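All remarks here apply to the structure that follows.
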Amino acid sequence: MPRRRIGFWYRFAAVLCKPWLVVLIKRDWRGMEHIPAEGGFITAVNHNSHVDPFAYGHFQYNSGRVPRFLAKSGLFKEGFVGAAMRGTGQIPVYRESTDALSAFRAAIDAVERGECVAFYPEGTLTRDPDGWPMTAKTGAARVALQTKCPVIPVAQWGANELLPPYARKPSLLPRKTHHVLAGPPVDLTRFYGHEMTPEILKEATEVIMAAVTGLLEEIRGEKAPEAPYDPRRERIEQRRRTQAETAAEAAAQTAAQTAAQTAAPTAAQTGFRAAARPGAQAVAETGAEINGTESGHARTGRAKTSHEGESGK
């Protein structure tokens with residue numbers, strides 16, 4: 001099939017964006033020879049910055065095969081954004097569809113028309129602490145197996161240094177380099193002819209992401225973790241840690257309350273004994289006074305008797 005014409009809206013977007021991209025970032029682009037000159041295909045790209053759709057789009061635009069990105073269907077409805085999305089041929093994803101294949105119907109149609117459909121298989125910015133690709137969703141594999149089109153793995157690095165994931169302020173200086181490396185098509189032929197079960201889709205997705213990660217290893221000159229970061233597993237682990245911390249805090253509070261309750265009677269008893277000691281002392285002192293008084297009276301009586309005896313003489 002012939003290449004689709006770029007059209008007014010894409011050229012307009014290029015006029016707006018390319019000068020800024022040229023000024024802000026240097027380019028290290030390799031593997032453009034792997035981009036098919038004709039026919040529909042998919043690119044599977046890692047996602048590590050809010051800037052990288054523009055930086056990667058620049059690479060793809062210069063290849064002569066402009067990318068059609070997938071976006072939420074709501075962005076296509078009205079206003080300037082909707083007109084731009086429709087005009088540049090971006091592809092709506094109907095997430096409200098109950099049929100997973102219907103959600104990607106527009107992407108399948110675009111591939112069958114001979115378009116380049118760009119997938120971010122991770123579905124969002126990577127949450128891997130070191131920026132490696134994380135576990136991916138199965139949309140790219142689903143469309144690839146449905147259309148049997150080439151899947152071109154693409155790794156990129158550098159836009160994340162300009163604007164790190166989830167950051168709000170860019171780091172403009174020193175000027176960053178955007179590295180892009182496209183690889184040969186991923187071989188998915190062993191999955192053709194099989195029912196698209198969750199297991200098949202998961203395995204095909206892992207093959208695609210292994211190719212993307214391998215290219216990123218080449219760019220970065222280091223090995224990726226053996227297992228990709230799994231945000232779902234991390235959420236489960238975080239939930240477990242939170243529950244364990246909550247249980248530990250509850251146990252500590254219970255122990256403190258028990259200790260306080262045990263200490264309260266002891267303190268009361270100690271106070272009672274302390275209060276009883278002054279009373280006993282008072283009784284003792286009173287007894288002593290009584291004894292002293294009685295002794296005094298006895299002495300007085302003896303003295304009186306003696307005096308009377310002497311008077312009789």
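The values are calculated or read from the model by the stated rules, or taken from the named source; none is laboratory data. Everything quoted here is computed from the prediction, not taken from an experiment. Quick note on the areas: whole protein, heavy atoms, side chains included, nothing else; ligands and nucleic acids left out. Shrake-Rupley method; radii C 1.70, N 1.55, O 1.52, S 1.80 Å.
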Rounded to the nearest 10 Å², what accessible area does C17 show when all protein chains are kept and the probe is 1.4 Å?
-> 50 Å²
In terms of the Cα gyration tensor, with a ≥ b ≥ c the square roots of its eigenvalues, is the stretch 192-256 rounded because a/c is under 1.5, prolate because a/b exceeds b/c, or oblate?
-> oblate
Sorted by chain and number, the residues with a modelled amide H under 5 Å from that of R68, at a separation of 5 or more or across chains, are C116, V117, A118
With every protein chain left in place, what is the accessible area of S171 in Å² (1.4 Å probe, nearest 10)?
-> 50 Å²
Can you send over the solvent-accessible area of R105, 1.4 Å probe, protein chains only, in Å² to the nearest 10?
-> 100 Å²
Residue-wise HN-Hα coupling along the stretch 40-47, computed from phi with Karplus coefficients 6.51, -1.76, 1.60 (Hz; x: Gly, Pro) = x, 7, 10, 10, 10, 10, 6, 10
